Amino acid sequence: MSTISSSTKSLPDADPVYDLIVVGSGFAGCMTALNFLEDTKTQGKAAKVVLIEAGKDGERCGASRWTPAFFRLDKNNKFDSHFRNEMKFGSNGLADQAYCEKLEAEVPNTVKFLLDHGIIVQHQDERNVYLGFNTGQNFAKAEGGGYAIILKLFKYILSFPNVDIMWETNAEELLTQDDGTICGVKVRKNDGRFAKVFGDQVMLSCGGFEGNREMLGRYVGPRAEQLGLVAPGLKYNTGFGLKMGLQVGAATAGSFHGLHCELVDTRSSKPEATVWGHSFGIVVNEHSKRFYDEGNRSLFATCEVIAYETWRDQNQKAYFITDAPIMDRFRPGWVYDTTDLDPEKGDTIEDLAVKLGLVPQELKKTVDEYNASINGKEFNPMALDGKSTFGLTPNKTNWAAPIKVAPFYGYPLTAKIVFTFGGLKVDLDSRVLSTTGTPIPGLYCAGELSGLYYNETVHPPCSSALRCLTFGRLAGKSAARDL
């Protein structure tokens, strides 16, 4: 932390003072900047803003530019009212319920903002997969994914005359006045040299620490280096936002050992090559043994837990196995076609095992035992159908369809990290709170860097993009009021 004397306002023209400094150019950062610019313009103020981004101009840096941007919405763009209860249950009561309620209340306004700015929100009336949301089996996504959202928001941001973008610039330290008020950031430019950027308010929206192996090892634990990144832009999420906040006495929230990860196709080089449909078959380890109840809850509710267990306990190797009726039902479609590669296929389970690199006799034994243990209930992927197994360890609670009809299909899988959970504690206006519970003057935080999720893998799916967008929007409006 660098302390600046109270004469900061009298800096020479070579060192402009910005009204708002935004660190990070993802969902939260762009929404903060654009809402700040629009609101100050409405107030008749000519605000000056700078966005500081570690990535290169034209590069898909960070997480927002890679995500498919799934939204937990009903057909009227209302947020799932069960979200706050799921957060309470999954966090053992630790998650900030007021924050979750604020998110639910504000999401419709966020979606309206996106629509008003030319972003197309596509709704999907899902009639093939039980979602587990209170949205009438509806969810949505932005046309073109997160990259399209960022491009559109940037277009509006750059239409304002008093905006600077600092690419290839890493914010590494907060500047403060003698009384602790934030007054800027110390940055490292792409030539390795430091510079100081001064401003009245600072937004930290530069992601978590999934791109920092040292911090992953320190917080998440041993073998965290085995977790690859689900998209290349995450390499820029190196934890500097967290470091900067801690240096000025920020409080923390969220589980620092927790993270959101997904099972991706091991063969694919495509970012976000997630295989979602683990619920509709079995998942085995490198010894052809099942290790998780694939039908424990809804597909989205269990996707990160099984990925986490693959990393933690299964040597980062898992294999999804199913048969023709399942593939015929769900392909083409998002359940199995987010990867760019077709599944491996065999006329027998033994043939499939060879293609996946498994011992044929071991996989055949597991599949036979699984088939013999299934009850007689009807398979229904649109509900928790109770079609389960008995006598296995672990049993499968729902969707235990037999694997008997050739050809047989499989995907080799590994876990990759999407984002980390631990972060800075904020209030409902995204102001960073100190360890005493009072806001740190001039400091905001939104997005992944603001801690919310607790325990190893409790992240209600299809909510993180909306959280980043919503609290970035609210932060921008709050910063405009405080100008």
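Here are some notes:
- Among beta bridges that DSSP assigns inside the chain, antiparallel share in %, nearest 5: 70 percent
- The slack in the chain from Arg329 to His257, taken as 0.36 nm per residue of separation less the alpha-carbon distance, amounts to 22.2 nm.
- The chain: angle of helix 299-313 to the longest principal axis, Cα-based, in degrees nearest 10: 90 degrees
- For the stretch 377-425, the equivalent ellipsoid derived from the alpha-carbon gyration tensor has semi-axes of 31, 18, 12 Å in decreasing order.
- 222 nm mean residue ellipticity, helices alone, for the chain (DSSP H n ≥ 4; -39,500 (n - 2.57); rounded to 500): -9000 deg cm²/dmol
- Label positions at Val17 and Thr393, each projected 7 Å from the Cα along the C-beta direction, are separated by 6.8 nm.
- Theoretical gain in end-to-end length, Lys75 to Arg193 [0.36 nm per residue, Cα-Cα removed]: 37.4 nm
- Ranked order, Asp179, Asp265, Asp427 - accessible area, probe 1.4 Å, largest first: Asp179, Asp427, Asp265
- Sparse packing (at most 16 other Cβ atoms within 10 Å of the Cβ) combined with a DSSP loop state is found for the following trypsin sites (Lys or Arg not before Pro) in the stretch 137-235: Lys189, Arg193, Arg223.
- With N counted as the residues of the stretch 420-460, its alpha-carbon radius of gyration over 2.2 N^0.38 Å works out to 1.20.
- Stokes-Einstein diffusion coefficient of the stretch 338-483, Kirkwood radius over Cα pairs, 25 °C, 0.890 mPa s, in µm²/s: 123 µm²/s
- Measuring between alpha carbons in the structure, the pairs from Lys48/Lys152; Lys102/Lys477; Lys78/Lys425; Lys189/Lys416; Lys45/Lys196; Lys78/Lys112 lying more than 18 angstrom apart are Lys48/Lys152; Lys78/Lys425; Lys189/Lys416; Lys45/Lys196.
- Taken about its Cα centre, the chain carries a charge dipole of about 260 debye when Lys and Arg each add +1 at the Cβ and Asp and Glu each add -1 at the Cβ.
- Accessible area per residue was computed with a 1.4 Å probe on protein heavy atoms; Val405 scores about 70 Å².
- R0 of 45 Å, Cβ-Cβ distance Lys365-Leu246: FRET efficiency to nearest 0.05: 0.30
- Rg to Rh, two decimals, where the stretch 272-325 supplies the alpha carbon set and Rh follows Kirkwood: 0.93
- Accessible solvent surface per residue of the chain, calculated while the other protein chains remain in place, 1.4 angstrom probe, Å²: 38 Å²
- Taking every alpha-carbon pair under 8 Å whose residues sit at least 6 apart, the chain reaches a relative contact order of 23 percent.
- Hydrodynamic radius by Kirkwood, which averages 1/r over all alpha carbon pairs of the stretch 17-104, in angstrom: 16.0 Å
- The coefficient of translational diffusion for the stretch 206-340, derived via Stokes-Einstein from the alpha carbon Kirkwood radius under 37 °C and 0.692 mPa s, stands at 200 µm²/s.
- Seen from every direction in turn and averaged, the convex hull around the alpha carbons of the stretch 184-238 projects onto 5.0 nm².
- If the segment from Asn162 to Gln226 were pulled out straight at 0.36 nm per residue, it would be longer than the present Cα-Cα gap by 18.7 nm.
- Across the stretch 396-483, Cα pairs under 8 Å and at least six residues apart give a relative contact order of 25 percent.
- Under 5 Å between amide hydrogens, built in the peptide plane, is the criterion, and for Cys183 it picks out Leu175, Thr176, Gln177 among residues at least 5 positions away or on other chains.
- The Cα atoms of the chain cover 79, 44, 40 Å along the three principal axes, with the biggest extent listed first.
The values are calculated or read from the model by the stated rules, or taken from the named source; none is laboratory data. Everything quoted here is computed from the prediction, not taken from an experiment. Cβ sites come from the backbone with ideal geometry, for glycine too, and all protein chains shown count toward neighbours. Side chains are part of the model used for accessible areas, which takes the heavy atoms of the whole protein and leaves out ligands, DNA and RNA. Shrake-Rupley method; radii C 1.70, N 1.55, O 1.52, S 1.80 Å.
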